[in-house]
Amino acid sequence: MTLKLLVLLLDLAGTFVFALSGATAAVRRRLDLFGVLVLAFVAANSGGILRDVLIGAVPPASIRDWRYLGVSVLAGLVTFRWAPSIERLKNPVRLFDAAGLAMFAVVGANKALEHGLEPPMAALLGMLSGIGGGIVRDVLLREVPLVLRAELYAVAALAGALVVVTGEWLAWPTTATMCGGALLCFGLRMAAIRRGWRLPVAPAGDAPRDDRPDARPRDPEA
Amino acid sequence: MTLKLLVLLLDLAGTFVFALSGATAAVRRRLDLFGVLVLAFVAANSGGILRDVLIGAVPPASIRDWRYLGVSVLAGLVTFRWAPSIERLKNPVRLFDAAGLAMFAVVGANKALEHGLEPPMAALLGMLSGIGGGIVRDVLLREVPLVLRAELYAVAALAGALVVVTGEWLAWPTTATMCGGALLCFGLRMAAIRRGWRLPVAPAGDAPRDDRPDARPRDPEA
Amino acid sequence: MTLKLLVLLLDLAGTFVFALSGATAAVRRRLDLFGVLVLAFVAANSGGILRDVLIGAVPPASIRDWRYLGVSVLAGLVTFRWAPSIERLKNPVRLFDAAGLAMFAVVGANKALEHGLEPPMAALLGMLSGIGGGIVRDVLLREVPLVLRAELYAVAALAGALVVVTGEWLAWPTTATMCGGALLCFGLRMAAIRRGWRLPVAPAGDAPRDDRPDARPRDPEA
């Protein structure tokens, strides 16, 4: 009972933070109020919607339950009104974003396992739950998705999801592996931000380098 | 009987006009004949396809029924052959586009209700039916979706869908609320075009303004 | 037995080659290792995933069966390590890409027919299986999808799928029509590359030409 409530609260908190990131990006691109609300909803819920469509759990939770919409709209309105202040809250937003990523990854992996997917694919779908919102947000705003380039963002989500999947395979208690996976994801992501850990880039060949100014990596929470 | 036929005719008319908008955008970007046909189909049918996938009504109507494909291809061929003339028909196209938006929004909301969605989410899915095609069209052509920026475009669709949902909740006759919703959406959109109504944009903070030339709002039917 | 194994091998070979194309594009855009792997998977599997979601065959084959993931990751790693050499293998890659396109188109059309779609829509879904991966790859990398512009790329896929659908309608043996469709698609695509066959572009009207440098058609396998 209490555990379920805790998971719901954490899930809605993750939704709120991810919605902030979408709304902030929309305000920067000078979208109007409605565009800001759409980007808030999309950034917070696309990952879970993609996962649910792929595992056949339709209508997706974010479409069935109006609370996800409510939380996303609230985050959008807050951002619309106080965007400059939120930009200044960079560090707390990063912290919450890492927490949301961790939550979404382990909950998503667990849900995919429950729908009977093979373990490696369940881990991938957990990762997709965590990073899908950021990908759709960036595609709508015409950016190369930042989660494909930032410091260990998707990798942290994958690591957390893998813990859940491995734990299930070894028949460990679900609550423990979900907490462990979330902590690992959160820790990896925060450490990667602090120390600038990045994955390697392939050696430059004779291919033309793409150095248009707007193709450079930027900060994912920016 | 007659009502059902009328709805089908209006639906196909809406499909035709939305397909014109996709094909026109493709011709402008110098896509070849096939690209023009794809954009015509996508602009006219993606909204309904997204809605149907999300509510679990697969295969989606536009995939099951070849008439939507036929109408879309026809619109694409017409545009390909007479693009300059169609560009000049801006005002009638806008009128039909607003009519298509109204149709798609109320029909979409009604279908989502029939599939058992909660009222607020059914209204959202009605809106998505109306604006989804334009969003996918713009993403494929590498634009920030114009429906997120144009004069009360998505808001008009949402208003129409809300009428349907509220009417259902108050147990009003469905035909009446669908007509009322469609009229409200159509009227709002036409008034917004005529008077230049727009939603507010957030106050500029210290965030960098995005003013690359191709990021400026343009005309959605253009 | 042997036929089924052959189809599986060809399918995995097509997946491998399509994954190479996604990974190569990602390396060129300076994505990190993880981004390269994601693009490899997406380019190879999105077409089939879109088809399966649209016909209601969820979870999609590429999500249910880990071998597609394995092959995609392998192709991504190979590209990451030896990108410059792979760029030089342009001709063999084109050959395999055309073979993959042919395979995906006929297998996709066949699967759509098995799920009870109308013949013209089954042909379209076969085409989507072949070209969907390239479309998603280009959207993620912020390009106008090249398959909408290259030499008879989508048209070749459509032709192959139409053979399968027509054969089914005339009750011809499935194996024969699938082989015939695949050969037609492969032949058309190779001939189009060799002779530079292209579809016509609409006559330029008074619409502004889009000639930003990165909007020019480029080579799809590049």
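Quick grid of which residues meet (1) under 12 Å from the mean Cα position of the chain (by Cα); (2) part of a helix (DSSP H, G or I):
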{"site": "A:ALA99", "(1), (2)": "yes, yes"}
{"site": "A:PHE104", "(1), (2)": "yes, yes"}
{"site": "A:ALA150", "(1), (2)": "no, no"}
{"site": "A:GLY167", "(1), (2)": "no, yes"}
{"site": "A:ALA171", "(1), (2)": "no, no"}
{"site": "A:GLY187", "(1), (2)": "no, yes"}
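Filtering region C:134-171 down to residues that are away from chain B (no Cβ under 14 Å) and in contact with a helix residue (DSSP H, G or I) (Cβ under 8 Å, 6 or more places away or on another chain), which residue is surrounded by the fewest Cβ atoms within 10 Å (Cβ to Cβ)?
This residue is C:THR166.
Which residues, taken from region A:105-133, are of a type outside the set (A, V, I, L, M), touching a helix residue (DSSP H, G or I) at 6+ places or on another chain (Cβ under 8 Å) and open to solvent by 10 Å² or more (accessible area, probe 1.4 Å)?
Just the residues of region A:105-133 that are of a type outside the set (A, V, I, L, M), to begin with: A:108, A:110-111, A:114-116, A:118-120, A:126, A:129-130, A:132-133.
Next, from what is left, pick out any that are touching a helix residue (DSSP H, G or I) at 6+ places or on another chain (Cβ under 8 Å): A:108, A:110-111, A:115, A:118-120, A:126, A:129-130, A:132-133.
Those that are of a type outside the set (A, V, I, L, M), touching a helix residue (DSSP H, G or I) at 6+ places or on another chain (Cβ under 8 Å) and open to solvent by 10 Å² or more (accessible area, probe 1.4 Å): A:ASN110, A:LYS111, A:HIS115, A:GLU118, A:PRO119, A:PRO120.
Any residue in region B:88-116 that is at pLDDT below 90 sitting within a Cβ distance under 6 Å of a residue that is open to solvent by 10 Å² or more (accessible area, probe 1.4 Å) and of a type in the set (D, E, K, R)? List the pairs, counting only those 6 or more apart or interchain.
That search, which allows pairs on different chains as well, returns B:VAL93/B:GLU221; B:ARG94/B:GLU221; B:ASP97/B:GLU221.
Which residue is least open to solvent (accessible area, probe 1.4 Å), if the candidates are limited to region B:1-58 and must be acidic (Asp, Glu) and within 27 Å of B:MET121 (Cβ to Cβ)? Give the derivation first.
Kept after step one, since they are acidic (Asp, Glu), are these residues of region B:1-58: B:11, B:32, B:52.
Next, from what is left, pick out any that are within 27 Å of B:MET121 (Cβ to Cβ): B:11, B:52.
Working: B:ASP11: 28, B:ASP52: 1 Å².
Selected residue: B:ASP52.
Looking at C:ARG81, is it within 12 Å of chain A (Cβ to nearest Cβ), assigned to a helix (DSSP H, G or I) and within 22 Å of A:ALA122 (Cβ to Cβ)?
no
Mind listing whichever residues of region A:32-78 are assigned to a helix (DSSP H, G or I), more than 8 Å from chain B (Cβ to nearest Cβ), over 16 Å from A:GLY133 (Cβ atoms) and without any contact (Cβ under 8 Å) to a residue 60 or more places away in the chain?
Across region A:32-78, the qualifying residues are A:ARG67, A:GLY70, A:LEU74, A:LEU77, A:VAL78.
If C:ALA112 meets every condition in (1) more than 10 Å from every other protein chain (Cβ to nearest Cβ); (2) among the small types (Gly, Ala, Ser); (3) more than 26 Å from B:ALA83 (Cβ to Cβ) apart from one, which number is that one?
Of everything listed in (1) more than 10 Å from every other protein chain (Cβ to nearest Cβ); (2) among the small types (Gly, Ala, Ser); (3) more than 26 Å from B:ALA83 (Cβ to Cβ), C:ALA112 misses just condition (1).
Okay, residues lined up against (1) closer than 29 Å to C:VAL147 by Cα; (2) hydroxyl-bearing (Ser, Thr, Tyr):
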| position | (1), (2) |
| --- | --- |
| B:LEU10 | no, no |
| B:ALA26 | yes, no |
| B:ASP32 | yes, no |
| B:SER46 | yes, yes |
| B:ASP65 | yes, no |
| B:LYS90 | no, no |
| B:LEU95 | no, no |
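Test each condition in (1) free of Cβ contacts under 8 Å to residues at least 60 places away in the same chain; (2) of a type outside the set (Lys, Arg); (3) surrounded by fewer than 20 Cβ atoms within 10 Å (Cβ to Cβ) for C:LEU183 and report the one that comes out false.
Only one criterion is unmet by C:LEU183, namely (1).
For region C:62-104, how many residues meet the condition of being among the small types (Gly, Ala, Ser), more than 27 Å from C:ASP32 (Cβ to Cβ) and open to solvent by 30 Å² or more (accessible area, probe 1.4 Å)?
Residues meeting the conditions: 1.
I'd like to check something: does region C:4-13 contain any residue that is within 8 Å of chain A (Cβ to nearest Cβ) and in a helix (DSSP H, G or I)?
No - not one qualifying residue is present in region C:4-13.
Can you name the condition, by its number, that C:GLY205 falls short on among (1) closer than 21 Å to C:PHE96 by Cα; (2) at pLDDT below 75?
(1)
Could we say that A:ALA105 is among the hydrophobic types (A, V, I, L, M, F, W, C), out of contact with any Ser or Thr (no Cβ under 6 Å at 6 or more places or on another chain) and closer than 25 Å to A:GLY181 by Cβ here?
Criteria met by A:ALA105.
Given the criterion under 26 Å from B:PRO59 (Cβ atoms) and of a type in the set (Gly, Ala, Ser), identify the matching residue among C:ALA150, C:ALA102.
Details: C:ALA150 fails: under 26 Å from B:PRO59 (Cβ atoms).
After ruling out the rest, the residue left standing is C:ALA102.
For region B:173-185, give me each residue that is over 13 Å from B:ASP97 (Cα atoms) and either within 21 Å of the chain's Cα centre (by Cα) or assigned to a helix (DSSP H, G or I) (or both). Spell out the reasoning first.
Going through region B:173-185, the residues over 13 Å from B:ASP97 (Cα atoms) turn out to be B:173-181, B:183-184.
Scanning region B:173-185 gives B:THR174, B:THR175, B:ALA176, B:THR177, B:MET178, B:CYS179, B:GLY180, B:GLY181, B:LEU183, B:LEU184.
The values are calculated or read from the model by the stated rules, or taken from the named source; none is laboratory data. None of the values given here were measured: they were computed from a predicted structure. A quick note on method: Cβ atoms are made from the backbone with ideal geometry, for glycine too, and the neighbour counts reach across all protein chains shown. When the accessible area is computed, the model is the full protein with side chains, heavy atoms only, and any ligands, DNA or RNA have been set aside. Shrake-Rupley method; radii C 1.70, N 1.55, O 1.52, S 1.80 Å.
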